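First comes the structure, then the notes that go with it.
The values are calculated or read from the model by the stated rules, or taken from the named source; none is laboratory data. These numbers were taken from a predicted model, which means no experiment stands behind them. Here Cβ is always computed from backbone atoms with ideal geometry, including for glycine, and neighbour counts include all displayed protein chains. All accessible areas refer to the heavy atoms of the entire protein, side chains included, with ligands and DNA or RNA removed. Shrake-Rupley method; radii C 1.70, N 1.55, O 1.52, S 1.80 Å.
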Amino acid sequence: MNFQLTREQELTKKMVEKFCEEVVAPVADDMDVEHEFPVDIVKQMGELGMMGIMWPKEYGGAGGDYIQYCEVIERLTAAHAAVGTVVAAHTSLCTGPIYYYGTEEQKQEWMVPLAKGERLGAFGLTEADAGSDSGATQTTAVDMGDHWLINGSKIFITNAGYADTFVITAMTDKKLGTRGGISFFIIDKDDPGFSTGAEEDKLGIRCSSTRELIFEDCKIPKDRLVGKVGQGFKIAMGTLEKARIGVAAQGVGVAQGAFEITKEYMGQRKQFGKTINKFQYPAFTMAELYTRIEAARLLVMRAADLADKGMPCGTESAMAKFYASEIAMDMATKGVQFHGGYGFINDYSIQRYFRDAKIMEIYEGTSEIQKLIVSGAILR
Amino acid sequence: MKAIVCVKQVPDTSGVVAVKADGTMDRAAMATITNHDDLAAVEAALELKDKTGCEVIVVSMGPPPAEGMLRELIAMGADRGVLISAREFGGSDTYATSQIIAAAVNKIGVDKEDVVFCGRQAIDGDTAQVGPQIAEKLGLPQVTYAADIDKDGDKLTIKRLLEDGHMMLSVETPCLVTTVKELNNPRYMNVGLIQECFDKPLDIFDYEALKDEPLIDPDTIGLEGSPTNVYKSFSPPAKGACQMLEGSDRGTVDELTGILADKHLI
Ligand SMILES: Cc1cc2nc3c(=O)[nH]c(=O)nc-3n(C[C@H](O)[C@H](O)[C@H](O)COP(=O)(O)OP(=O)(O)OC[C@H]3O[C@@H](n4cnc5c(N)ncnc54)[C@H](O)[C@@H]3O)c2cc1C
């Protein structure tokens with residue numbers, strides 16, 4: 001057991017802290033009000049190797065590891081959650097399955113530009129009637145001999161409005177159903193018959209893009225199939241197993257960011273002749289929350305370490321995700337509370353954390369679904 | 001072609017100054033940062049590398065932990081580092097320091113097309129003497145306060161920033177250029193380069209490595225050999241809160257004179 005960060009992990013932390021302090025945090029509140037997708041920040045992150053941290057250099061990545069990826073996601077999210085969302089969906093949800101399940105040709109053609117940050121990625125699994133039950137996919141892909149024909153739609157897809165490359169699931173054999181009937185495909189934004197819907201207006205992570213993907217006789221070449229026909233659901237679940245580590249890191253980030261803002265406010269605001277942090281109830285509550293943030297971070301690091309070692313991490317990432325997203329909510333809620341009325345006023349950043357925290361308990365599998373995974377594993 | 005950049009690790013001035021018994025600063029006891037003007041020099045060299053593909057070598061004189069700073073500069077894009085570190089060099093003033101650094105730069109080798117970069121001055125000493133002294137010792141032409149640098153063969157065209165304007169100068173390489181932090185925005189470390197920075201070459205020049213260099217005179221290096229001596233280092237007492245007045249109208253001036261009169265200053 002080793003709780004020491006490596007030199008590379010230390011430097012990554014230092015680098016991302018500086019980047020967030022100078023580039024991400026100063027514009028976060030304004031961008032949130034404007035619902036502005038962070039186009040320039042994403043471009044800069046690509047140049048700094050932040051859009052493919054844990055992928056090997058030969059596939060355009062930075063050659064780092066999941067721990068470094070989590071450090072970056074946590075800090076980005078602590079500064080501005082939506083930016084963390086963009087990077088996480090791009091890196092683990094879209095580039096991930098091409099790396100783990102794609103052919104060498106697919107990696108060269110699709111993964112390299114994604115990992116370098118030259119193209120942005122998105123992942124389409126959820127449909128109107130296939131949410132938690134994501135195997136209930138209605139979107140179909142039919143083998144037309146020299147191409148695939150895709151029809152249907154996906155909803156709530158992160159990055160959709162700005163992505164160049166999409167990975168999706170579609171039913172290739174209804175009779176076989178979830179296991180064996182679903183396949184996994186790569187879609188280019190310019191594929192004929194493919195389009196995206198209007199931007200969703202959201203409670204939080206308002207600077208991220210969330211749209212419907214629409215397939216109307218969408219024609220794609222045969223070489224866009226990832227893995228074998230029928231392996232789609234397995235690929236999607238395998239992808240989520242590792243990607244949830246990133247959402248868990250986002251949860252820690254929201255909590256950490258809310259903690260820092262609240263700590264500063266409590267140290268300045270005086271009532272009854274003393275600062276708020278001198279009252280025992282808020283002080284002890286902060287001690288408890290801080291401890292839980294640290295516990296969540298350790299769960300994240302544990303899952304990330306397993307992923308780095310190529311070991312199964314499904315249970316660990318599920319535990320990390322629901323625990324971290326819960327502390328994100330609790331910390332943000334208490335953060336608003338300890339700001340008093342100011343916490344409810346939009347001039348103060350803490351309300352943004354309060355709104356951004358909630359999505360962590362929902363996307364990439366709700367907390368209930370995470371508990372389904374954990375209970376399934378421990379009560380067998 | 002090479003760009004050799006001299007960089008100093010300085011105490012983080014937002015912290016408290018720790019002082020040793022001999023009056024010099026206890027660097028080991030203070031949080032450190034890379035000197036701002038020097039970071040501008042590194043960025044200028046990296047921009048030259050972007051344009052010409054030249055090799056960038058970062059050089060620092062300091063205690064062993066300064067290696068960490070050099071690794072960070074390599075993670076920004078420098079190709080290799082040289083750390084000048086020896087007990088014999090400790091406590092050097094600007095005269096001794098520039099002598100040692102000049103010897104190290106000379107050992108690295110300055111060829112026809114090369115450029116040596118230094119930051120204008122370090123925030124701890126604030127002398128702005130080391131860069132020009134290195135140039136003198138190496139017999140290189142020098143251009144200070146560079147704001148923009150263009151290279152064409154063995155000629156550099158440099159925009160020199162002055163208080164009330166700028167000056168365009170053309171200088172032949174090899175030469176030494178000093179930069180100010182207002183020049184550019186130093187880039188961030190790159191995650192991909194962070195992965196490589198600990199494997200890139202970093203040479204340590206200790207006393208043994210430099211003592212036979214022609215530029216080194218053992219009698220004029222280190223604390224003992226330095227012609228200037230620090231009498232005392234201390235954290236100045238905090239000044240009172242500052243009051244800002246805005247506007248250039250009569251009313252503001254009246255307000256200002258009123259305040260000064262109240263304090264019996266006028
Ligand atoms: C902002 C945003 C971004 C998103 N990004 C993406 C994306 O990039 N790609 C993508 O594919 N999807 C994305 N999603 C979709 C997201 O993953 C789903 O919304 C989520 O998995 C829940 O599905 P649902 O909305 O259909 O809820 P439902 O499945 O209808 O769930 C409703 C409630 O029932 C509970 N529930 C459901 N089944 C069970 C069960 N078996 N046991 C106990 N409780 C249960 C749920 O936990 C929840 O509380 C995004 C959603 C949002 C809001």
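Data overview
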| read-out | value |
| --- | --- |
| Selection within the range A:89-118 - within 16 Å of the ligand (Cβ to nearest atom) and away from chain B (no Cβ under 14 Å) | A:ALA89, A:HIS90, A:SER92, A:LEU93, A:CYS94, A:THR95, A:GLY96, A:PRO97, A:ILE98, A:LEU114 |
| Filtered residue count, the range A:200-227, keeping only those that are touching a strand residue (DSSP E or B) at 6+ places or on another chain (Cβ under 8 Å) and open to solvent by 10 Å² or more (accessible area, probe 1.4 Å) | 14 |
| Yes/no for B:TYR95 being in contact (Cβ under 8 Å) with a residue 40 or more places away in the chain, in contact with a Ser or Thr (Cβ under 8 Å, 6 or more places away or on another chain) and of a type in the set (Phe, Trp, Tyr) | yes |
| Per-region count, the range B:211-256, residues within 30 Å of B:ASN106 (Cα to Cα) and of a type outside the set (S, T, N, Q) | 16 |
| Options A:LEU225, A:LEU240: the member that is out of contact with any Gly (no Cβ under 8 Å at 6 or more places or on another chain) and under 30 Å from A:ILE186 (Cα atoms) | A:LEU225 |
| Subset tally (residues that are over 21 Å from B:CYS118 (Cα atoms), of a type in the set (Gly, Ala, Ser) and not in a helix (DSSP H, G or I)) for the range B:164-202 | 1 |
| Residues of the range B:170-203 classified as without any contact (Cβ under 8 Å) to a residue 40 or more places away in the chain, more than 14 Å from chain A (Cβ to nearest Cβ) and open to solvent by 60 Å² or more (accessible area, probe 1.4 Å), total | 2 |
| Condition met for A:TYR348 (within 16 Å of the ligand (Cβ to nearest atom), under 21 Å from A:VAL24 (Cβ atoms) and at pLDDT 95 or above) | no |
| Some residue of the range A:322-343 being open to solvent by 40 Å² or more (accessible area, probe 1.4 Å), of a type in the set (Phe, Trp, Tyr) and without any contact (Cβ under 8 Å) to a residue 40 or more places away in the chain | no |
| Qualifying residue in the range B:207-222 (condition: on the phi < 0 side of the Ramachandran plot, out of contact with any helix residue (DSSP H, G or I) (no Cβ under 6 Å at 6 or more places or on another chain) and within 14 Å of another protein chain (Cβ to nearest Cβ)) | no |
| Among the residues listed as A:TYR342, A:TYR323, the single one being farther than 20 Å from A:GLU368 by Cα and in the same structural domain as A:TYR363 (by TED's automatic domain parsing) | A:TYR342 |
| Cross-chain or 6+ apart pairs with Cβ under 8 Å, the range B:60-74 first and closer than 21 Å to A:VAL16 by Cα, then among the charged types (D, E, K, R) and part of a helix (DSSP H, G or I) | B:ARG71/A:ARG7; B:GLU72/A:LYS14; B:ILE74/B:GLU196 |
| Count of the range A:119-160 residues which are outside any strand (DSSP E or B), within 15 Å of the ligand (Cβ to nearest atom) and either within 14 Å of another protein chain (Cβ to nearest Cβ) or surrounded by fewer than 24 Cβ atoms within 10 Å (Cβ to Cβ) (or both) | 11 |
| Selected residue [open to solvent by 10 Å² or more (accessible area, probe 1.4 Å), away from every other protein chain (no Cβ under 14 Å) and without any contact (Cβ under 8 Å) to a residue 24 or more places away in the chain] from B:LYS112, B:LYS20, B:LYS51 | B:LYS20 |
| Matching residues in the range A:8-63 - criterion: being aromatic (Phe, Trp, Tyr) and surrounded by fewer than 22 Cβ atoms within 10 Å (Cβ to Cβ) | A:PHE37, A:TYR59 |
| Search result, residues across the range A:357-380 that are within 10 Å of the ligand (Cβ to nearest atom) and under 25 Å from A:GLY257 (Cβ atoms) | A:LYS358, A:ILE359, A:GLU361, A:ILE362, A:TYR363, A:GLU364, A:GLY365, A:THR366, A:SER367, A:GLN370 |
| The lone exception for B:PRO141 - which of (1) closer than 22 Å to B:ILE204 by Cβ; (2) modelled with pLDDT of 95 or more it fails | (1) |
